[in-house]
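The values are calculated or read from the model by the stated rules, or taken from the named source; none is laboratory data. Note that the structure is predicted; figures quoted are calculated from it, not measured. We place every Cβ from the backbone using ideal geometry, glycine too, and count neighbours over all the protein chains shown. Quick note on the areas: whole protein, heavy atoms, side chains included, nothing else; ligands and nucleic acids left out. Shrake-Rupley method; radii C 1.70, N 1.55, O 1.52, S 1.80 Å.
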Amino acid sequence: MTESSANKLLNEDACHRTSNGLKSSRNDPVKNHCLFQQQSHKYRRPMEKNQSVTHNSSLYKKPFVESFEETPLLVAVLTYMGYGILTIFGYLRDFLRQWNIEKCHVAREREEQKDFVPLYQDFENFYTRNLYMRIRDNWNRPICSVPGAKMDLVQRVSYNYNWTFEHTGKVVKDVINMGSYNYLGFAENTGACADAAIEVTQQYGVGVGSTRCEMGNLGIHEELEQLVARFLGVESSMAFGMGFATNSMNIPALTGKGCLILSDELNHASLVLGARLSGSTIRVFKHNNMQSLEKLLRDAIVHGQPRTHRPWKKILIVVEGIYSMEGSIVRLPEIIALKKRYKAYLYLDEAHSIGALGPNGRGVVDYFGLDPKDVDIMMGTFTKSFGAAGGYIGGRKELIDYLRRHSHSALYATSMSPPVAQQIITSMKIIMGEDGATLGADRLRQLSENTTYFRRKLHDMGFIIYGNDDSPVVPMMLYMPAKIGAFGREMMKRNIGTVVVGFPATPIIESRARFCISAAHTSEMLDTALQAISEVGDLLQLKYSRREKPLPSLGWMSGEESLLQD
């Protein structure tokens, strides 16, 4: 559900770019949300795909800054050439495998089953066979410690070009973890959360062995759901044992035939699957583009359902709080304004934003200072900021009561493990300050400071960084396929664990490394990681950014000389 880099431009109508400094009318609270003034072209930042700052007091209470620098043309051409060369050699190697000149490790049917319908789609696995397999050593590394700020990895080697791996028996110690979603540092085996989980394990055991509606509804589950509702500021909530299933199994319970789902093009696979399973009509709008979303809403109201033109039974807008591959934050104030104008419903997935955004850690709603009641369905996961597992849905009591009776995830899935529920309860109370200490507030502040520092340093080094300035998800662009594997390996040589991502998880020319910042990272860890990133960036020539570096005397980003004016 991703398109080319050009399609990631934010709403041109909503973010008016003027060179004469004149502001557009603010009568329309949806379209005129972003005013970008350039009083001088002398210090203009070149090649910005979009650099938007929002200062509309009717919707935003503070500047909303996101940047996606344009892919350099030469880099884009070389990236396409790299994939082309890999594809040509892939077909050549497939030809050699077919004639048994090269040994084939691919799963295939036995000879006596050659007339059967193929069980393994050989051609469809072309990418996995010939591209992914060459850099597979960068993924699925076995971890043999708590995946906190530092971790230990099991060393492994491959003697057949990553088709299989063998463990050497050695352990790589104290690898700085820059890839886990451990935003608030609760992935730990000591402290209040671990002690509470141990105590609950001794009381309830580990497994439940039943669904919530049968014999699996424990008192700790009731306590968790009441706490989540209070944390979110909603009437009621429901917890589920799996984050992915929270989306994929609950959306079909909310919409069906005759309903319309408007989905952001970069929504997570769980949201996409849930929408498809629902049987609803699905239409996709450009990422964070309010003009695209409003056009779909208008068309839906005017034309209704295909053929019959009857009104849609319901229209559901589905978005995420933080987009985990882009590092961007949803433009929630504008979406809520559109939702109210066109009488639609809003489904907000806060998997990455809950606990990581907002002065109180309550997600993107808290970040923008909005009323939780304006979001119809609030969804999130416990797998990231809370260091646990599972997900939740919060909203009105009528909504939650309905899901308890109709959700497949509620009726057929085993209940959440008691120690996992206790981990969530303890960590959430720490965030809320109900532990009688300031540990939660300290971690929220540390995460914000670490995010700002890390992003600023990478920008200053000359890397192309995507996303919002406040997002702890930091994508750094690699582009070329050969550099995906090279970057991951070089960082591991320097004892830094990173996540590298390529096609099809991203557009084909937008491969990247994705860093996830944690409150558990110390300044020394971040400086060590930044030094290693800079070294590898010089080695692999990854410092693609062509933005002009400001001179100190210009007072960049401050006073009247700043490019971005109120």
Number of the exception - residue 434 against (1) over 26 Å from residue 266 (Cβ atoms); (2) in contact (Cβ under 8 Å) with a residue 12 or more places away in the chain: (2)
Which of the strands (runs of 3 or more DSSP E) found entirely inside region 436-518 contain at least 1 residues meeting this: of a type in the set (Gly, Ala, Ser) and more than 28 Å from residue 426 (Cα to Cα)? 511-516
Answer yes if at least one residue in region 384-401 is part of a helix (DSSP H, G or I), surrounded by 24 or more Cβ atoms within 10 Å (Cβ to Cβ) and within 20 Å of the chain's Cα centre (by Cα), and no otherwise. no
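For every residue, the table says whether it meets (1) under 23 Å from the mean Cα position of the chain (by Cα); (2) in the same structural domain as residue 477 (by the TED database); (3) modelled with pLDDT of 95 or more.
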| residue | (1), (2), (3) |
| --- | --- |
| 493 | no, yes, yes |
| 516 | yes, yes, yes |
| 521 | yes, yes, yes |
| 538 | no, yes, yes |
| 563 | no, no, no |
Inspect region 126-136 for any residue being open to solvent by 70 Å² or more (accessible area, probe 1.4 Å), at negative phi and either at pLDDT below 90 or in a helix (DSSP H, G or I) (or both) and give the result as yes or no. yes
Evaluate region 177-187: report whether one residue or more is among the aliphatic types (A, V, I, L, M), surrounded by fewer than 16 Cβ atoms within 10 Å (Cβ to Cβ) and either outside any loop (DSSP other than H, G, I, E, B) or in contact (Cβ under 8 Å) with a residue 60 or more places away in the chain (or both). no
Could you please find all residues in region 155-176 being surrounded by fewer than 18 Cβ atoms within 10 Å (Cβ to Cβ) and under 27 Å from the mean Cα position of the chain (by Cα)? 174
Among the candidates 324, 328, residue that is in contact (Cβ under 8 Å) with a residue 12 or more places away in the chain, hydroxyl-bearing (Ser, Thr, Tyr) and surrounded by fewer than 24 Cβ atoms within 10 Å (Cβ to Cβ): 324
